[in-house]
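Presented below is the structure to which this report refers.
The values are calculated or read from the model by the stated rules, or taken from the named source; none is laboratory data. All of these numbers come straight from a predicted model, not from anything done at the bench. Don't worry about glycine lacking a Cβ; one is built from the backbone with ideal geometry, like all the others, and counts go over all protein chains shown.
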Amino acid sequence: MTNRVAFSILIWLIVLVSRPIAAAGADEGPLDFQIELAPAHQGFDGKTCWVHARAGVLPPGSPANSGSTPLVVMTMQKLLLTGSDVFYPLHTLWTGDLGKTWTEPKLEPVFARRKMGDAVEMTVCDFWPKWHSATGKLLGTGHTVWYQDNRVQEDRKRRTAYAVYDPAAGAWLPWKALEMPDDPRFDNAGAGCTQRYDLPGGDVLLPIYFSRVGERNFSATVVRCRFDGETLSYVEHGSLLSLDVPRGFAEPSLTKFGDRFFLTLRNDQAGYVTSGPDGLHFDQLKKWTFDDGADLGNYNTQQHWVTHTDGLFLVYTRRGANNDHVFRHRAPVFIGRVDPDRLCVVRSTERVLVPQRGARLGNFGVTDVGPQETWVTAAEWMQTWGPNYVMPVDNKYGADNTIWVAKIKWSKPTRRDESLTPQRD
């Protein structure tokens, strides 16, 4: 049996095998979902690969989309294989038929590298677009990265970058930088790969991670921002979360479930989680575990949230899945229901969203496409173990830099969250 045939069979098994996920308080019975896996783009040139595939939605009937179907806008960028986190400008592709067809990636010139000095360039990376209902705009956030001779500068200032999508032009408007308080703690601060939450009045709760220039350990916080449709501005920040473990915290992601907010954070040794009442202030941190107390096995990579009104879920990668050949065990991509009281993943609910084919999948995104559909998008990152981690993936497992879309199709719709109602305080 060929690898391609075997993988096709595996995809169909994922689609067909669905286990009920119980949800306390659900009136229509337990929450269930099916997974449909499909590619948005495929192809590998052996020198670069697409990474950071994340999408936002222009809802039907909105000023940005007069049609009856969501318009899904995905951003991603090329990575140079013979380097470490060497990124090139963002590209955009989109679908107007719920992923049946996609456009080819289109270069976004406003994200071209900027010359900052001799052999020094700066660009935007780790981008995440999301619909901002109060203003009717697709707002993307990420952070800046500086290169010296095409290598990431060791000591640099980093800022949160953001941009607004122009649906009429089918392109992103020039990006801007979030102005932070004049505090050296925030000289190296950004919202790279972070999942934000928008409040009912339109304020944005944006997780960031930060440090003083030259420090090697990062801390995390959530920044409350105002967004008027053009400018994102700082209002305040919440708890400063730190960990005395190499590199500290990075890439925090935020959601709200019930009447509490939940924050998940990356650390080199283990993923961490905490919760709090207002999205700014949080309780004691704990390592991610399964409900039986065993370590979740996630480390040195992201975790993000899938949130339905009848269930809270974590999307993650981990050790212990016959995946020792994958860089930092970053594939397959799993989903599991979270016990919001105990802050753990219920082991019996764990399922594979995107199978591994030898390439890492860890830098993924989550998109609420509609009340009955949530997507997880993940790119096959074609670097693996080797000197400086720059060797191409051995594609005997089938990886070819496919951009995967795992469609989570709910058995019942999520109820409209208060944050989706356009209003102002």
**Fill in**
Note on the stretch 347-380: residues more than 18 Å from the chain's Cα centre (by Cα) and more than 21 Å from residue 323 (Cβ to Cβ) are 371, 372
**Selection from the stretch 155-180 of residues that are of a type in the set (A, V, I, L, M, F, W, C), surrounded by fewer than 18 Cβ atoms within 10 Å (Cβ to Cβ) and in a strand (DSSP E or B)** = 171, 177
**Request:** Check the stretch 351-360 and report whether any residue there is of a type outside the set (Ser, Thr, Tyr), at pLDDT below 95 and under 19 Å from residue 55 (Cβ atoms).
**Result:** no
**the stretch 286-323 - residue that is among the charged types (D, E, K, R), in contact (Cβ under 8 Å) with a residue 24 or more places away in the chain and not in a strand (DSSP E or B) and, of those, farthest from residue 408 (Cα to Cα)** = 292
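From 78, 106, which residue is within 17 Å of the chain's Cα centre (by Cα) and of a type in the set (Lys, Arg)? It would help to see each step written out before you state the result.
Working: 106 fails: within 17 Å of the chain's Cα centre (by Cα).
Exactly one residue qualifies, and that residue is 78.
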**Asked** What tally of residues in the stretch 28-42 results from selecting those that are in contact with a Phe, Trp or Tyr (Cβ under 9 Å, 6 or more places away or on another chain) and farther than 17 Å from residue 107 by Cα?
**Response** 7
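Can you pull out the strands (runs of 3 or more DSSP E) entirely within the stretch 184-285 that have at least 2 residues that are surrounded by fewer than 22 Cβ atoms within 10 Å (Cβ to Cβ)?
219-227, 232-237, 250-257, 272-276
Counting just the residues of the stretch 324-350 that are assigned to a loop (DSSP other than H, G, I, E, B) and at pLDDT below 95, which one comes out farthest from residue 267 (Cα to Cα)? Even if it seems obvious, please write down each step before you answer.
From the stretch 324-350, those assigned to a loop (DSSP other than H, G, I, E, B) are 324-326, 330-332, 340-343, 346, 350; that's our starting set.
From the residues that got through so far, the ones that are at pLDDT below 95 too are 324-326.
On the way: 324: 19, 325: 21, 326: 18 Å.
The qualifying residue farthest from residue 267 (Cα to Cα) is 325.
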**Complete:** In the set 199, 263, 206, the lone residue that is in contact with a Cys (Cβ under 8 Å, 6 or more places away or on another chain) and at pLDDT 95 or above is 206
